[in-house]
Amino acid sequence: MQIDIRRHFSLIDSKAVEAGRRHEVPIVHVMCGLVVANPYAGRYVEDLGEMIEASEPLGRLMGSMLVAAMGPLPVEGYGKAGVVGLGGELEHANALLTTTFANPVRDAIGGALAWIPSFTKRTVPGASIDVPMAHRDALYVRSHYDGMSITLPPETPDADEVVLLFCGTSRGRLNARVGGLAAEGISERNGLR
């Protein structure tokens, strides 16, 4: 199976001021999206293995888009999401966002150990979605608990589409100060601490 890509986009947001405090190193958030045809829209299919397998090239493309959008900056935090048109099921977005999709993104950013925060929803065109993010190598790094929001275009997703989103951030939040494990203190290399 080959998943048809109907549209792709990237959003870059660079921010240097938070609560009136200017930072020499801004935080850059990047969101990349793929709008794809849902081959299972309108019908129930028991085995989603073919769809999962077909997500691998989508992950490679998403990884290259993320790296290009971030430019020379590292991707320190990340998250993913899926929006399913009304002709599909949440399970379709989840099938396209498994590790088969995510590992090529991890490879593109130079490897990553942590579980990728994720959210999916089934909705009408023009909906909004929040994409949660955390540190790429350790979930307990509180400074990287973050997110991005997007309102999709009024015609997206069609009933037979799935929108795949992947977000990255170049650093922890500006003014982060709630304690916990610091990014510099990651030691166990187990995706948690």
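The values are calculated or read from the model by the stated rules, or taken from the named source; none is laboratory data. What you are looking at is a predicted structure, and each value in this text was computed from that prediction instead of being measured. For neighbour counting, all protein chains shown are included, and Cβ atoms are generated from backbone atoms with ideal geometry for every residue, glycine included.
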Exercise. Quick one: which of S64, S14, S55 is among the hydroxyl-bearing types (S, T, Y), in contact (Cβ under 8 Å) with a residue 24 or more places away in the chain and surrounded by fewer than 17 Cβ atoms within 10 Å (Cβ to Cβ)?
Worked result: S64
For this session: Mind telling me which of the residues R22, R43 ends up being among the basic types (K, R), modelled with pLDDT of 95 or more, within 22 Å of V163 (Cα to Cα) and exposed (fewer than 14 other Cβ atoms within 10 Å of the Cβ)?
Result: R43
Seminar exercise, completed: In region 177-193, anything in contact with a strand residue (DSSP E or B) (Cβ under 9 Å, 6 or more places away or on another chain) and either surrounded by 14 or more Cβ atoms within 10 Å (Cβ to Cβ) or modelled with pLDDT of 85 or more (or both) is listed as L181, A183, I186, G191, L192, R193
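Counting only residues that are without any contact (Cβ under 8 Å) to a residue 24 or more places away in the chain and either among the basic types (K, R) or within 25 Å of G42 (Cα to Cα) (or both), give me the strands (runs of 3 or more DSSP E) lying completely in region 99-193 with at least 3 of them.
Details: elements: 118-122, 128-135, 146-151, 161-169.
Counting at least 3 such residues, we get no strands (runs of 3 or more DSSP E) at all.
Name the residues in region 70-86 that are buried (at least 18 other Cβ atoms within 10 Å of the Cβ) and more than 12 Å from the chain's Cα centre (by Cα), would you? Quick ask: steps written out before the conclusion?
Taking region 70-86 as the starting set, the residues that turn out to be buried (at least 18 other Cβ atoms within 10 Å of the Cβ) are 70, 73, 75-85.
Matches in region 70-86: M70, L73, E76, V84, G85.
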Exercise. Here is a list of conditions, (1) part of a helix (DSSP H, G or I); (2) surrounded by 22 or more Cβ atoms within 10 Å (Cβ to Cβ); (3) over 16 Å from the mean Cα position of the chain (by Cα), and A93 meets all of them except one; can you say which number that is?
Worked result: (3)
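Name every residue in region 10-50 that is in a strand (DSSP E or B) and acidic (D, E), in order of residue number. First the steps, then the outcome.
As a first pass, look at region 10-50 and keep what is in a strand (DSSP E or B): 10-18, 21-37.
D13, E18, E24, listed by residue number.
Residues checked against (1) within 24 Å of L152 (Cβ to Cβ); (2) basic (K, R):
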| position | (1), (2) |
| --- | --- |
| V17 | no, no |
| A37 | yes, no |
| G63 | yes, no |
| V67 | yes, no |
| K80 | yes, yes |
| V83 | yes, no |
| G88 | yes, no |
| V105 | yes, no |
| A114 | no, no |
